[in-house]
1. What accessible area per residue, rounded to a whole number of Å², is obtained for the chain using a probe radius of 1.4 Å?
2. Between Asp39 and Val70, take the C-beta separation as r, use R0 = 22 Å, and let me know the FRET efficiency to the nearest 0.05.
3. Quickly estimate the mean residue ellipticity at 222 nm for the chain, helices only: each DSSP H run with n ≥ 4 gives -39500 (n - 2.57), and the total goes over all residues, rounded to 500.
4. Take the Cβ-Cβ distance between Thr50 and Glu21 as r, set R0 to 22 Å, and report the resulting FRET efficiency rounded to the nearest 0.05.
5. With a 1.4 Å probe and every protein chain left in place, tell me how much accessible area Val25 has, in Å² to the nearest 10.
6. Take Arg12 and Met57, extend 7 Å from each Cα along the Cα→Cβ direction, and tell me the distance between the two endpoints in nm.
7. When you take every Cα atom in the chain, what is the radius of gyration, and what is Dmax, the widest Cα pair distance, in Å?
Amino acid sequence: MRFTDRPAVPRRIVGFHTDAEGHWVAELACGHGQHVRHDPPWQQRPWVTTEQGRQGMLGTELHCVRCVDVANG
């Protein structure tokens, strides 16, 4: 099963931070994080490259597969 085919739960973005490699991670309301890389041609997320773009995404939802994983033990 591909990562994108896994069940997921929508969660609001409440913040951002960078990981040890300098990649942006969205902080979700559930407490989990999700990478939001902009690495064309695979992921088209130009908003992640600027502070204004990231701030504009606060409150929008991403699908958290980790919430499903935790619920399923």
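The values are calculated or read from the model by the stated rules, or taken from the named source; none is laboratory data. No experiment lies behind these values; they were computed from the predicted model shown. Positions of Cβ are generated from backbone atoms using ideal geometry, with glycine treated the same way; all protein chains shown enter the neighbour counts. With ligands, DNA and RNA removed, areas are computed over all heavy atoms of the protein, side chains included. Shrake-Rupley method; radii C 1.70, N 1.55, O 1.52, S 1.80 Å.
1. Spelled out: the 1.4 Å probe surface of the chain, per residue, equals 69 Å².
2. Calculated transfer efficiency: 0.20.
3. Numbers: 2 runs with 14 residues, N = 73.
For the chain, the value works out to -5000 deg cm²/dmol.
4. On the way: r = 19 Å, r/R0 = 0.87.
Computed FRET efficiency for Thr50 and Glu21 comes out at 0.70.
5. Surface accessible to solvent at Val25 totals approximately 10 Å².
6. Reported label-point gap for Arg12 and Met57 is 1.7 nm.
7. Over the chain's Cα set, Rg and Dmax evaluate to 12.5, 37 Å.
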